Amino acid sequence: MEKMLTGMKKRNMEDFLDKLIIEHEAEAYVAVSFNIRGMGNINAQVGLESGTALMRAYVDGLSKIIAPDGIVVRADGATFSALFRKEKLDEVINYLKRTEVETQDGNLRRSISSHAGYYILTDKCRTYKELVGILEEALRAARSHVDSNLYAFCDDEILKKISEAKRIESMFRDAVDNEEFMVFYQPKVETKHYRLKGAEALCRWMHDGEMILPFRFIPVYEHSGDIVELDFYMIDHVCRDIRRWLDEGREVVRVSINLSREHLGDKNLVEEIVQIVDKNRVPHEYIEIELTETSTEVDYVELKDIVKRLHEAGIRTSIDDFGVGYSSMNLLLELPWDMVKIDRSFVPLGTEDEEDKKRLIMMRSIVSMALALDIECIAEGVETVQQMLLLKENGCFFIQGYYFDRPLPVEEFEERLDVLTEIRQAQ
Ligand code: C2E
Ligand code: CA
Ligand code: CA
């Protein structure tokens, strides 16, 4: 049984596609990538061996439908890809949506369904790698459907998104070399005295006189892996600014920098960060690293190690987007964080709305829990005076948000530092 599942090599599909292209047959074909839903649950209920038998029966059934001139291969886990003739499309859609399958020995029956992303081959798709990218997006679209539709077709919008991502990916090297990525600083304000207390460094891409926001390029670079270099670039540029401010005799505040999850797994991460900071002769206390929660056990162990070692190096850490992730409670208890950043979805607006009242309860508990654990609290995305006062009333005295400031270009941020310098000199 295992033999059959592992025997379905991706390589076979690559050869199959090459042959279709050479023989000008590709346009008669449809490609699909599908992911069996709830396979983890099925395995937990019937055991791994029976689960695999069910999965095999399901995939065998598809093989029969698309035979003799189709192919199905296993991508990984419960995700498979197939190529089959267009005439079979309706039948395949119905089958993958939901089918009752039985193991070969007849001992077990189960209804199995998949999310599926389809792509009707055109002459636009020239390589297997391209096809894989397209199917990945189509499957993602299928999974993100909120309705009961379990499948999606790769449409022009998806193709546009893929080619835009490719374009952005190909621009990375030049953008770094030309220093097109800029650090913007969003002030963090302490509300007991309404004084600038710190800043978050946020990346902005200046290209051809246009400012490109992170949502357009960060996900692309997370996918391509370039985010790792971009984050180091940001740390370096922040350190250069801090060094210059110190040399100019300015009052300096601590700056926090975002670190993508893609860094988890880099055993030298902490050394690399420390090296950049030291190279710029910046005292460690001025740097804070923002990390987000993780979803897997392996990531958790690595995150724990990173936070601990940064702490030992005297570099502060904060949990970003607190509350929206997975393992918040353990994370808070077990790691030596300095700061919790309460996500804006937990910042109450101060209305009578039921939803908002719940938000207030959540915020209150996060604040009191963090303070009891001796961890500082900052609320993000604060836009109104009501929000700011409500946070203050409940013990959260650090605020970051449009109410005080948007992320500012360095020259404007320096004016804020100058106010601090002036206050110090006047005192
Ligand atoms: P984030 O780390 O959660 O950063 C906060 C985001 O909220 C920023 O968006 C900021 O401009 C925005 N924001 C701040 N105050 C308000 C407010 O009052 N209202 C609203 N609606 N939004 C507010 P931005 O700069 O577009 O960045 C988006 C995300 O991109 C960041 O979310 C972060 O995850 C990522 N990012 C930005 N720069 C970097 C970077 O250098 N490295 C990495 N790895 N990620 C970055
Ligand atoms: Ca952040
Ligand atoms: Ca955040």
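Laid out as a table, the results:
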quantity: Filter pass, Arg250 being within 16 Å of ligand 3 (Cβ to nearest atom) and modelled with pLDDT under 95; calculated: no
quantity: All positions within region 250-261 that are over 15 Å from Glu293 (Cβ atoms) and within 15 Å of ligand 2 (Cβ to nearest atom); calculated: Arg254, Val255, Ser256, Ile257
quantity: Count of residues meeting criterion [of a type outside the set (Asp, Glu) and part of a strand (DSSP E or B)] in region 265-313; calculated: 3
quantity: Count - residues of region 337-369 that are surrounded by 14 or more Cβ atoms within 10 Å (Cβ to Cβ) and not in a helix (DSSP H, G or I); calculated: 11
quantity: Lone qualifier among Glu200, Glu179 - being part of a loop (DSSP other than H, G, I, E, B) and either under 24 Å from Arg240 (Cβ atoms) or acidic (Asp, Glu) (or both); calculated: Glu179
quantity: Residues that are within 16 Å of ligand 3 (Cβ to nearest atom) and either of a type in the set (A, V, I, L, M) or touching a Ser or Thr at 6+ places or on another chain (Cβ under 6 Å) (or both), drawn from region 339-361; calculated: Met339, Val340, Lys341, Ile342, Val347
quantity: Of all residues in region 403-426 being touching a residue at least 60 places away in the same chain (Cβ under 8 Å) and in a loop (DSSP other than H, G, I, E, B), the one that is nearest to ligand 2 (Cβ to nearest atom); calculated: Pro407
quantity: Answer from Ile158, Ile134 - the residue that is at pLDDT below 90 and in a helix (DSSP H, G or I); calculated: Ile158
quantity: Hits in region 293-324 - residues which are surrounded by fewer than 21 Cβ atoms within 10 Å (Cβ to Cβ) and within 16 Å of ligand 3 (Cβ to nearest atom); calculated: Thr294, Asp321, Gly323, Val324
quantity: Matching entry among Leu139, Leu150, Leu159, Leu131 (being more than 30 Å from Glu412 (Cβ to Cβ) and in contact with a Leu (Cβ under 7 Å, 6 or more places away or on another chain)); calculated: Leu131
quantity: Within region 376-402, considering residues that are in a loop (DSSP other than H, G, I, E, B) and within 16 Å of ligand 3 (Cβ to nearest atom), the one nearest to Asp320 (Cα to Cα); calculated: Glu380
quantity: Residues located in region 78-136, provided they are in contact (Cβ under 8 Å) with a residue 60 or more places away in the chain and among the charged types (D, E, K, R); calculated: Arg110, Asp123, Arg126, Glu136
quantity: Contacts under 9 angstrom Cβ, first residue in region 259-287 being at negative phi, partner aromatic (Phe, Trp, Tyr) and open to solvent by less than 20 Å² (accessible area, probe 1.4 Å), 6 or more apart; calculated: Ser260/Tyr221; Glu262/Tyr221
quantity: Residue within region 194-203 that is open to solvent by 80 Å² or more (accessible area, probe 1.4 Å), touching a residue at least 60 places away in the same chain (Cβ under 8 Å), within 24 Å of Pro407 (Cβ to Cβ) and touching a Leu at 6+ places or on another chain (Cβ under 9 Å) present; calculated: yes
quantity: Residue match in region 201-217 (condition: closer than 30 Å to Asn394 by Cα, within 16 Å of ligand 3 (Cβ to nearest atom) and at pLDDT 95 or above); calculated: yes
quantity: Filter result for the condition that a residue is open to solvent by 60 Å² or more (accessible area, probe 1.4 Å), of a type in the set (Lys, Arg) and either under 15 Å from Gly38 (Cα atoms) or not assigned by TED's automatic domain parsing to the domain that holds Ala26 (or both), over Arg140, Arg110; calculated: Arg110
quantity: Close pairs (7 angstrom Cβ cut-off, 6 or more residues apart or separate chains): modelled with pLDDT of 85 or more and within 14 Å of ligand 1 (Cβ to nearest atom) in region 289-302, part of a loop (DSSP other than H, G, I, E, B) and among the aliphatic types (A, V, I, L, M) anywhere; calculated: Ile289/Leu259; Ile289/Ile315; Glu290/Leu259; Leu291/Leu259
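The values are calculated or read from the model by the stated rules, or taken from the named source; none is laboratory data. All of these numbers come straight from a predicted model, not from anything done at the bench. Note that we place each Cβ from the backbone using ideal geometry, even for glycine, and neighbour counts take in every protein chain shown. These accessible areas exclude ligands, DNA and RNA; they are computed on the full protein's heavy atoms, side chains included. Shrake-Rupley method; radii C 1.70, N 1.55, O 1.52, S 1.80 Å.
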